[in-house]
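Visitor: Submitted below is the structure of interest, expressed as structure tokens.
The values are calculated or read from the model by the stated rules, or taken from the named source; none is laboratory data. From a predicted model like this one, the values you see are computed outputs, not experimental measurements. When we count neighbours, we look across all protein chains shown, and the Cβ atoms used for this are built from the backbone with ideal geometry, even at glycine. When the accessible area is computed, the model is the full protein with side chains, heavy atoms only, and any ligands, DNA or RNA have been set aside. Shrake-Rupley method; radii C 1.70, N 1.55, O 1.52, S 1.80 Å.
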Amino acid sequence: MTTSARPLVLLDVDGVLNPFHRPSSRFARHECVVDGLTYQVLLDERHGAELRDLAENTGAELVWATTWEENANDEIGPRLGLPRLPVIEVTAGARAADGPLFKTGPVAEYVRGRPFVWFDDELTSADWEYLTGHPDVGEFLLIEVDPRSGLSGCDIDRARDWLAAPRP
């Protein structure tokens, strides 16, 4: 396991960048078409600049960790001013009772010992336990975003502080 590579910032879409309700007028409604289906999303374009700044100021790499998968690069990223990002392939599924989120296994395989921050609205202690016990996972910070309001400045500040902290 190596931790010499750049840290990662993993991004979910629904509940994080696309909150379940419009928390303020900063969020604009967009129609996204995926596999012939139209979805309504609420996006705050300032999130793109905030995430780019977070990555640039901490040396981190932004990565999609969402069921939107590559569609996030086509439909979400351009609306936020984000470049094309790497994608962690996850298969949508249900959480087993008291088990980790269906994305957690693919995340553990992807990070390969790199430190990471994960913004998601469905993280629980089961995800923390799974990641802590996985042999390919090094240091990490899980930030459970409130899906009613989406990604906040406090969430980004927590990530920035953690990423800027010295690593052994």
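Visitor: Kindly indicate the residue of segment 31-49 that is assigned to a strand (DSSP E or B) and within 19 Å of D120 (Cβ to Cβ) and also most open to solvent (accessible area, probe 1.4 Å) among those meeting that condition. Before the answer, list the steps.
Guide: First, pick out the residues of segment 31-49 that are assigned to a strand (DSSP E or B): 31-34, 37-43.
Narrowing further to those that are within 19 Å of D120 (Cβ to Cβ): 39, 41-43.
Working: Y39: 98, V41: 2, L42: 11, L43: 4 Å².
Per the stated criteria, the residue is Y39.
Visitor: If I ask for residues that are open to solvent by less than 10 Å² (accessible area, probe 1.4 Å) and in a strand (DSSP E or B), which ones from segment 6-30 would you list?
Guide: Result: L8, V9, L10, L11.
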